[in-house]
Each structure stands twice: as C-alpha cells, then as structure tokens.
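The values are calculated or read from the model by the stated rules, or taken from the named source; none is laboratory data. As the structure is a computational prediction, the values presented were derived from the model and not from experiment. For neighbour counting, all protein chains shown are included, and Cβ atoms are generated from backbone atoms with ideal geometry for every residue, glycine included.
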There are 4 protein chains.
Amino acid sequence: MEQKCSAVIIGVGPEQGLGATLATFFAGEGLHVFIAGRCEDKLHKIADKIRQTGGSATPVVADATIELDVAHLFKKVRLDGFWVDIAAYNVDSNIPSPLLETDTETFTKLWQQNCLGAFFFGKEAINAMKERQQGTLFFTGATASLRAKPPFTAFASAKAGLRALAQGMAREFSPQGIHVVHVIIDGVIDGERARNQFPDYVRAKGKDGLLQLDAIAETYRAIHKQHPSAWTHELDLRPFKEPF
Amino acid sequence: MEQKCSAVIIGVGPEQGLGATLATFFAGEGLHVFIAGRCEDKLHKIADKIRQTGGSATPVVADATIELDVAHLFKKVRLDGFWVDIAAYNVDSNIPSPLLETDTETFTKLWQQNCLGAFFFGKEAINAMKERQQGTLFFTGATASLRAKPPFTAFASAKAGLRALAQGMAREFSPQGIHVVHVIIDGVIDGERARNQFPDYVRAKGKDGLLQLDAIAETYRAIHKQHPSAWTHELDLRPFKEPF
Amino acid sequence: MEQKCSAVIIGVGPEQGLGATLATFFAGEGLHVFIAGRCEDKLHKIADKIRQTGGSATPVVADATIELDVAHLFKKVRLDGFWVDIAAYNVDSNIPSPLLETDTETFTKLWQQNCLGAFFFGKEAINAMKERQQGTLFFTGATASLRAKPPFTAFASAKAGLRALAQGMAREFSPQGIHVVHVIIDGVIDGERARNQFPDYVRAKGKDGLLQLDAIAETYRAIHKQHPSAWTHELDLRPFKEPF
Amino acid sequence: MEQKCSAVIIGVGPEQGLGATLATFFAGEGLHVFIAGRCEDKLHKIADKIRQTGGSATPVVADATIELDVAHLFKKVRLDGFWVDIAAYNVDSNIPSPLLETDTETFTKLWQQNCLGAFFFGKEAINAMKERQQGTLFFTGATASLRAKPPFTAFASAKAGLRALAQGMAREFSPQGIHVVHVIIDGVIDGERARNQFPDYVRAKGKDGLLQLDAIAETYRAIHKQHPSAWTHELDLRPFKEPF
C-alpha cells in the first residue's frame, strides 16, 4: 500500500483559531490533515469545512497533556496509512496570575499544556518522521517564551521550557532531516478566543493590530517549504503596530 | 520575642556540595541556617560541622518537589522565631538522555526538581520575606538554562523554566525589596557528586578547571551583600579554562 | 509620471553570490532591480543576465561604506522614477583575526562594512519608503551576530552592532509600515566566495551542508510577502546538518 | 626593580562619577591607580582626593578614542614600573536621537567612544596582563547593550558592539588567566552627570531608584576578587525599583 502525506495538528479548537487555520491551509496544499483537540464538535465542524473545500481531514479527539491520547493520535495516522509531513503543536494556554496567587494546579497545568504535551507530541512526530528523514515539526511560542513578565510568570516558565525543548530537538534531529521550528507569536491573534476573552482590547487594536490567522499560516507554509540547506529554527511574528 | 536572622537552603546533600558550602558560609556570617534535603544523615553531619565551627544550624528533612515538605520547612523557620534573610534553591538534578529515550517520568522528574520545587520554595521564601521587605532569594542555574544541547534537552527545558520563573519573580518582587538572583553555573562543580559520577573528567580538568565550592559561595555572599540600588539579577560563574 | 516598483540591493558582487541571487529573484517578481557594488564589471554581468531572462536592472557602482555613494544610489532610484519596495543590505565582510593581531584599520573596516554602511543604507531606504508607508528592509547577519567567538571577535562586534541597529530601526519604523528584517545566516553560503576562499571546507560539507543561494532568496521573498499583521523581524537560516 | 600593582581606569570625569569612584575604591585596596580622562583639572582633583585618604594616584590626560593616547597611558604605567591588576573601560556616552535625525558624526562618535576605544584599551590591557597571566578587565555596558530602543538606536548599536568585543575577549583570554567582565548598568547612576542632565528625573526616582556609585564599585571589587575557578563574565546591576 502506498503511503500518503499528512499534516497532524494538535490544539485545534475554534474555527477562528490558529489550529483550524493551519489545518485548512495544509489541506489546501493537498495534505490529508489529522486535527486533534479536546472538543469533538468543534473538530467535526472544522473537518466538514475542510471537506467542503475539497480537502480531506480526520478529526481525532485528544488531550495533548495525556500521553496515551497523543500516542493514539499518531497510531491512527500510521494505521490509516499516512506519513507525517507536518506536525504542529499548537496548544497554547495562558492564565495571568500574580505569583503568590498562583496555585500548584495552575502552575502545573500551564506546564503540562505548553511544555509536557509538546514533549509527548514531539517524540511521536519525530518517531513518525525519522524513517523517511523528512518532515516539519512546529511549536507555537509566545512573547513570554523569551521574557517573563508578571502576571505571566507561570506561563513564561512553561513557554521557556517549550522553547528549550524545541531547540534541543532541532539540534538533535535536524541532521536527521527533521525540521524543528519554534514560532514566537508576539501579539494577540485575531481569533475567536481573543474576541471572547477581551473584546475591548480587540476593538482597540484594530484589524492590523492583531495577528491575522491566514497571515500566520502563510508563514508556517513558507517555513515548511524551505530547502534543507537553509532552514529556520526560530522566528518571531508580530503585528507591525505592536511595540516590542 | 525578638526574631533572629536565618538562611534557608534546600538541596543540601553531600558535605562536599554547594548546599553544604553555602550553609557553612552563611553560618559564618552569623546567620542561623536551616538546611533541608532528603537525607537525614547527611544533614546531621553538616549541621554538626557547622556547630563545631561556632555556627548554628537546624537540619530539616524535606523533598523540594513535595509542596508540603517545603511548607513545613518554612513553617518551622517561623515557629522557631526566625526571619528569612537568605533563601537558596540549590536542587540540581541532571540526567543526560537522548530525546527519544527520555521517558515521561524522567522529563517530569527533572522539571519537578529543577523548576516546580523552585516555585514552591520561591513562594514560601517571598511570603517569609515580604513583611520586612528584604531578603535574597537565590536560584542555581546551569549552562543549560540558556542553551539546550542534546542529550540534555529535558534538563535544559526544566532549567529554562526555572530561569523564567526567577526572572518573573525578580520583576514582581524586586520593587518590594526582595532580591531575586539567578546564578548560571557554567561548568562542573568540584564536589562529591562530580568526583563520584565522572572521576576521569574531574582528573582531566584539574583543580581550576572545576568550580571550587568556596569560590561559588563567595560570590553568593557578595551578591547577597549588594546594596538595593545596584542589584544583580543574573550572573554566570565559570572556570577560567572553561570554553563557552 | 507613474512611479514603478523596485528593489535596491547593495553588496552585489559575484554572480554566484547572495546579492546577485536576491536581485535575480526580485527581478523575477516583476520589480526593477538596482544592483549596487564596487565592481562595475560584475554588476554589468549580472544586469545583463537579469535582462536576458526578461527582468530589468540598473547597475550602480557604489561603495556601501561611502555615504555619498549610498546617497547617490537612492537619488538615482528617485530620479529614475521608482519607489523602493525592497532594500537589502547584503554587505558582509569577515576577516578572522586573533584580537592582539587585529589592527585598528581592520577593526574599523569591519565595522564600516557590516554596520556603518547599513546605517547609511537603512536611513536612505527608510526615507525612500516612508511616504508610502511600505517596504521591506533586509539586513544580512551571521552566526557572529549573536555570539562572539575568536578569531572572529572584530567581525562579531560589527555584526552585533548591525543587529542592534536593525532592531532599533524595526522598533522605530514598523509602526510606520516599514518591515525591517534581520536574517541570521548561520553557516557558509555555497557561492563563489566560499569556493575560492576555502574549497576544501566546501567539498567536505557537501551540497546541503552549505546554504544554497536560491534557498536563501526564497525565504527573503516569503518574508517580504508577509502580511503586516504578522511580520518577522528576526530569523535564522542554517543548513540542516550545521551544528549550532 | 620590583613591580608594583596598579589599576588603570579610563573615562574618569566628575568626582561624583563611576570612574572616580572605582579609582577611589581600588586605591583603598592598596593599588596605585592610573586615572585617565580628557579633563586635566578633574583628574587632578580626584588624584588629590585619593592621596588625601592615603592612596596613590597618577592622572593621565587621555582621550579613549585616540589610539596613541591609550598607548601612551599604558606606556606610562609600564615605565613607572607597574603591573596592571585591574583595567576598567568606563567611557559611556549616550546621545538620544531618532534614527533619521542621527548624522554620521554622531553615529560614528558613539561607536568610537563606546566600542573602538574599548578595543584600544582592551588590547593594551591584555598586553600588560598576559605576561603574569592575571588581571581583571572591566567594560561598562548599559541596558542598551542587550536591547535597541529608539531613540537610542545608535547608542545601542555601539554598546552591542562593545558587548560582543568583551565576550570575544573573554573567550580568547580567560584561559590565559585574564578575567574579562561586562557589567550591564541597567538604570541611571546617581552621579554628577545625571544630576546635571536630568535633575527632575533624579528627584523623581529618589535615592534608591538610582544606582549609587559606591554600590556599583562594591560589585566591581567583589568580581575582581573572584577565584579563577568561578569567574563571572557578565552581570547586570539595577536599582531594586527599576522596571525591566
């Protein structure tokens, strides 16, 4: 049986979110997309939408922080007869919290979602890619990946852990043909989450003051297409208006 | 009852180790030292030695990765009638491991020891210091805090998480008079651990090729004594011969 | 008179070099290219080649370290009736030299070529772009931009100066619609210079061990096309085999 | 003739300045101090004050950006029969300037003062130290060494160049016993310059909101005293109140 190419994306939630957008983009490139997230309804909606525009998609309910879920996701990819061309870890959970009010559960959960899950996902993705010695593995970082600012200390700690993880993976697996990328999203994404959580901020920033979903996905696509002789490991993405 | 000054050090193990050395130094400065670690025997040996040289010390068995142990340690300090002038998180556990061979337990344990425990300890220390608006809180980092190199990716991820945690604490609590310090130990410490784990390396490096315990402690002391108008948050310590 | 779009590239030398390749790529995108460098012969050869493939190009003899030359280059662009869509500062001169053997002339020349010229060029480019509030300004950095390793200390000092310059420009002019990009080339470019200067190294690395010119140019193109809501300021480019 | 120990400090200006304070401190440690700067009057005043408190000092008029002046300074040290134990490059000139208003003279002058002069001084200091394989070489950096923020882009470019220079020197000469230190002063020094240039800012910050001169000098002293097995190459100094 001939194996086909796929993209595996975890952290897929709202239709107007980065996970869904990446899935749509990579489906548009002709890849079958496995979309994983915790909410079956949302996954089905996105898969349907992808199919309506001629793409193909498989929704897989999975919690990135549960090792077995992640293993099951990649097992499904394998059993369905797919190579993994692209794997994107797109889980991003942020909870602002002054340090003394941050409880152990919050600190741990942020680490599990932003870092431990990436460890599970990264290992599985590399295992799926290493035979062919090719594939692109994306991790989505944030401003906090580089700089810990209260009240985001716990989040920054987790994101810094993710950044180091991605960097170590790049050093270990680039020579084996696996392109590991850490994307620092420095700003707020113009998606459903921001619009629900802080509508005033969204309005105040204006359209180009927020990262447009398609604009982010375009860069992921360009980075995936890079020739192995000139790979990017880390880059920032920031609205032109955003102070930094 | 008049409260007295103390230093609280966690991660105290072998006599020829950084925890024990810091304890001895701070005891030499006239502070009562609380020394915490997992091994009661070792703690007693070190406490005895400190007392023999005129200092005073309280050994407290505590595992830094267990929140209750850390809480109990600081509760004891309080009940014994001490302020906390210095708190040092000196837990440092490193396990080299190629990424695909790193299991979840190892990845998690390294994070618990290098980062989560620091979160427990840091919160308790700040709570103990904030009333007086003074105190120095040390975190011991490593080369890997800045740079993830296989086979130390899991360790680097944990240490990067610690670094961000320390940075966020510094930003949040410096203005309240608490001096948060992240010390990057870039090299191998000339202590019992290195001599047991890689004796050949120790011999090859020669005396000044390894960080001398007293030399490290001298700098901790100098940083603790800094005037609040000119505090150091981060510094490296490295043998003069060490390539970097 | 309707103004047309152009790319202005300085540091154009050998046909098998990054400057010439960027010029060819941007000409392929339909931009008129102004190619500037010190050697008239080389510029004419490249301009001819661009014309033969349907592009249009103007060679301008200019030394990037001479302010008047740079001013003259942009004056010519203006007088010829062109907007500047892309400006690329591609001067890169590296001289390995142990510090005590580095003379003042070398230290100064490296700074002039890698940093001062970029200041001249950047100012002119921004002046040319600011009216329309659009344009992409590229600076080519190197491994040494981030890390000073002997015997490249003088080079690293100049490149670090360039990096800060680019970063300051990005902070100042991004909000005015000008996209300032700092590209860190981490490795050796497979071009005429490397083949002449260290042929053995080139052979040893093998094809994908060196950055392919077209591969680099593809990324410059992708970055130029980014939507303003998600701009990259800094990224690295590195052969997959390159240790880092 | 037995050679005696000395500290050589360049960038000595007002009595209430870092250069003068470092000189006073090192004289207090028993070192003869060579104090160099552009203003003879100021140098004599400081030398007199040092002598009155039992120290010994030689004023040398020298412009750090003039190679011959720097060479002459170190020649004098040699001819007077002194080793160099400490050398401190303390020239720090900052001119805020929006990029398009920054002229070539300003850009160049900032580089000469913050970076080129450090190259002259560093080479001479290393030449003076290398025979004995000991000595500490300080470079004074600033917030801008790490981060280019308008309107300080030109200053940041020069300071980034200095930082790389210091880093390259540390890598090259630490193994030869020379301790190279880069101190990042992150904040405003409570000295004559700040009081004259922005008195309102000084008042608003309050005493501990500015770096106290003695506090800075204490840390230089502690770093100089570090044992070679645990040297610091880079550290920050910041008022506890200073946001970062």
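Points to keep in mind about this one:
- Among the criteria (1) under 29 Å from B:Val33 (Cα atoms); (2) basic (Lys, Arg); (3) crowded, with 18+ Cβ neighbours inside 10 Å, the one B:Arg195 does not fulfil is (3).
Quick grid of which residues meet (1) crowded, with 21+ Cβ neighbours inside 10 Å; (2) in a helix (DSSP H, G or I):
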| site | (1), (2) |
| --- | --- |
| A:Val70 | yes, yes |
| A:Ala88 | yes, no |
| A:Val91 | yes, no |
| A:Leu100 | no, yes |
| A:Glu105 | no, yes |
| A:Lys123 | yes, yes |
| A:Ala128 | yes, yes |
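- Sole residue being more than 18 Å from C:Gln112 (Cα to Cα), within 12 Å of chain C (Cβ to nearest Cβ), free of Cβ contacts under 8 Å to residues at least 24 places away in the same chain and more than 20 Å from the chain's Cα centre (by Cα), chosen from D:Leu68, D:Leu79, D:Leu100: D:Leu100
- Single condition A:Arg147 does not satisfy, out of (1) more than 7 Å from every other protein chain (Cβ to nearest Cβ); (2) crowded, with 20+ Cβ neighbours inside 10 Å: (2)
- The range A:170-205 - residue that is within 11 Å of chain B (Cβ to nearest Cβ) and free of Cβ contacts under 8 Å to residues at least 24 places away in the same chain and, of those, farthest from B:Phe107 (Cα to Cα): A:Pro175
- Every residue from the range C:12-36 that is touching a Lys or Arg at 6+ places or on another chain (Cβ under 9 Å) and either assigned to a loop (DSSP other than H, G, I, E, B) or over 13 Å from C:Ala57 (Cβ atoms) (or both): C:Val12, C:Gly13, C:Pro14, C:Glu15, C:Gln16, C:Gly17, C:Glu29, C:Leu31
- Filtered residue count, the range B:223-240, keeping only those that are over 10 Å from D:Leu237 (Cβ atoms) and of a type in the set (Val, Ile, Thr): 1
- Against the test of being more than 28 Å from B:Thr106 (Cα to Cα) and modelled with pLDDT of 95 or more, the options B:Ala154, B:Ala148, B:Ala215, B:Ala158 yield a single qualifying residue, B:Ala215.
- For the range D:127-157, a residue qualifies if it is closer than 18 Å to D:Gly11 by Cα and over 15 Å from the mean Cα position of the chain (by Cα), and exactly one does: D:Phe155.
- Checking D:Leu146, D:Leu165 one by one, the residue that is farther than 13 Å from C:Gly168 by Cα and of a type in the set (A, V, I, L, M) is D:Leu165 and no other.
- Residue check for B:Asn94: within 18 Å of A:Ala160 (Cβ to Cβ) and at pLDDT below 95: yes
- Checking each residue in the range A:133-148 for being out of contact with any Ser or Thr (no Cβ under 8 Å at 6 or more places or on another chain) and assigned to a loop (DSSP other than H, G, I, E, B) picks out A:Gln133, A:Gln134, A:Gly135, A:Leu146, A:Arg147.
- From the options C:Thr140, C:Thr153, C:Thr232, C:Thr136, residue that is surrounded by 20 or more Cβ atoms within 10 Å (Cβ to Cβ), among the hydroxyl-bearing types (Ser, Thr, Tyr) and within 14 Å of chain D (Cβ to nearest Cβ): C:Thr153
- Residue in the range A:103-117 that is nearest to A:Val183 (Cα to Cα), counting only those that are within 8 Å of chain B (Cβ to nearest Cβ) and without any contact (Cβ under 8 Å) to a residue 24 or more places away in the chain: A:Thr108
- The range D:129-145, subset in contact with a His (Cβ under 6 Å, 6 or more places away or on another chain) and not hydrophobic (A, V, I, L, M, F, W, C), residue nearest to D:Gln113 (Cα to Cα): D:Gly141
- Restricting the first member to the range C:206-220 and to residues that are free of Cβ contacts under 8 Å to residues at least 24 places away in the same chain and more than 7 Å from chain A (Cβ to nearest Cβ), and the second to residues that are of a type in the set (A, V, I, L, M, F, W, C) and assigned to a helix (DSSP H, G or I), no beta-carbon pair is closer than 7 Å while six or more apart or on different chains.
- Residue match in the range C:22-38 (condition: out of contact with any helix residue (DSSP H, G or I) (no Cβ under 8 Å at 6 or more places or on another chain) and under 25 Å from C:Leu116 (Cα atoms)): yes
- Residues located in the range A:111-121, provided they are buried (at least 24 other Cβ atoms within 10 Å of the Cβ) and more than 14 Å from A:Val77 (Cβ to Cβ): A:Trp111, A:Asn114, A:Cys115, A:Leu116, A:Gly117, A:Ala118, A:Phe119, A:Phe120
- Here C:Tyr220 meets each of (1) within 20 Å of A:Glu234 (Cβ to Cβ); (2) surrounded by fewer than 20 Cβ atoms within 10 Å (Cβ to Cβ) with one exception, condition (2).
- Single residue of D:Gln226, D:Gln167 found to be at the interface with another protein chain (Cβ under 7 Å from one of its Cβ atoms), part of a loop (DSSP other than H, G, I, E, B) and modelled with pLDDT of 95 or more: D:Gln226
- Residues (part of a helix (DSSP H, G or I) and either of a type outside the set (Val, Ile, Thr) or surrounded by fewer than 18 Cβ atoms within 10 Å (Cβ to Cβ) (or both)) located in the range C:74-86: C:Phe74, C:Lys75, C:Lys76, C:Arg78, C:Leu79
- Meets criteria (β-branched (Val, Ile, Thr), at pLDDT below 95 and touching a Gly at 6+ places or on another chain (Cβ under 9 Å)) for A:Val202: yes
- Identity of the residue in the range B:195-223, outside any helix (DSSP H, G or I) and more than 19 Å from B:Ala20 (Cβ to Cβ), that ends up farthest from the chain's Cα centre (by Cα): B:Gly206
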